[in-house]
Amino acid sequence: MMNTIIDQLSKQDFQSCFTTVNKFVQENEKQKSFPKEYLKLFITILNSLKTIIIEQENKEFKFKLFQVLRLLTRSQDVSLNVQSQEFLLLIDLMQIIQKQTSQSFTMMQIENLSIQKRLIYFNNKLLQTFNSKYVHSLLDIMTSSSKDLKLSLLDYIKLAMEIDGQLIQTEISSLYYVGKMLVLLENNDLELKIQTANLITKLLDCYPFSENFRKLTGMATVIQEIEKKDNDKLEVKIPLLNLLMRISSDSKNYPDLKLYGIVEILLQNLDHQEYMIVTTVINIFGQLSFDDELSSRIAQKGLCINIL
């Protein structure tokens, strides 16, 4: 079937190819590995997609082609042999798709990001193909109206940082993107809020990000989210409190924490019915106790925090 698809694409027999691709997806949906020879199919589809996306009206056909690419990248034998020029083609496709607005293109973009994530997971060196322009195209997905696409992006950034995402980390630390991250943190969707809080917690280890986070009063946003009743569930509150704990670990933030009345805000959570929330709040109090003024405020409220 691989050779049939390649032949149909080379002849631009897209109608027949659509049928064959559908069959390939159905028969290989649970397939976890493909021989290295399937790299040829991956490259052929990738090279064809740039034209097909622009010129072909059959959106389902385009989506199915991305699905084939995603299936193929499950295989280490295929993914490890994808070169930087193919990876750059995926980024080019990402930029083309971003100019479209329909739901079908959003689904294609999610597939595209999934393919890229798998490729960089298997071959870390592909991250070195990024330049600032490509990173901006990636990060601009933050402004998408699609929750699933934004979640896919956050997962992408997290993976890239775990591998070697120095350029992504540098670009996301700009005032513009720090601001976009704070907008995501304020999103009403709880899953987005959780993933954003977890990512910001990691990004605060980056000095430029933490400085711009401070400039944009990101701390106020975090405290505001902690105080919202809608965020009182354990799965939401803990990531937000963990983020506050990371903020509290930096003495530069103490003046603002005092200004926002952090001691009084945390006290409201000490009688929470969830043990993990109470424990996390106590740990934050422990960090704040390293500051004399905050330690005094905590003591005035009748709390005694032992610092070992």
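At-a-glance table
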{"quantity": "Count - residues of segment 130-173 that are without any contact (Cβ under 8 Å) to a residue 40 or more places away in the chain and basic (Lys, Arg)", "calculated": "1"}
{"quantity": "Count of residues meeting criterion [touching a Cys at 6+ places or on another chain (Cβ under 7 Å) and of a type in the set (A, V, I, L, M, F, W, C)] in segment 1-54", "calculated": "2"}
{"quantity": "Checking residue 227 against (1) over 30 Å from residue 129 (Cα atoms); (2) among the acidic types (Asp, Glu); (3) surrounded by 16 or more Cβ atoms within 10 Å (Cβ to Cβ), the condition it does not meet", "calculated": "(3)"}
{"quantity": "Qualifying residue in segment 115-137 (condition: more than 23 Å from residue 46 (Cβ to Cβ) and either among the small types (Gly, Ala, Ser) or part of a helix (DSSP H, G or I) (or both))", "calculated": "yes"}
{"quantity": "Selection within segment 190-216 - in a loop (DSSP other than H, G, I, E, B) and either modelled with pLDDT under 95 or under 10 Å from residue 243 (Cβ atoms) (or both)", "calculated": "204, 205, 206"}
{"quantity": "Residue ID - farthest from residue 211 (Cα to Cα), chosen from residues in segment 248-295 that are surrounded by fewer than 13 Cβ atoms within 10 Å (Cβ to Cβ) and among the acidic types (Asp, Glu)", "calculated": "271"}
{"quantity": "Some residue of segment 69-89 being within 26 Å of residue 128 (Cα to Cα), surrounded by fewer than 16 Cβ atoms within 10 Å (Cβ to Cβ), within 25 Å of the chain's Cα centre (by Cα) and of a type in the set (Gly, Ala, Ser)", "calculated": "yes"}
{"quantity": "Segment 236-277: number of residues that are in a helix (DSSP H, G or I) and either hydrophobic (A, V, I, L, M, F, W, C) or touching a residue at least 60 places away in the same chain (Cβ under 8 Å) (or both)", "calculated": "17"}
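The values are calculated or read from the model by the stated rules, or taken from the named source; none is laboratory data. What you see is a predicted model, and the numbers here were worked out from it, not measured in a lab. Neighbour counts are summed over all protein chains in view; Cβ atoms, including those assigned to glycine, are modelled from backbone coordinates with ideal geometry.
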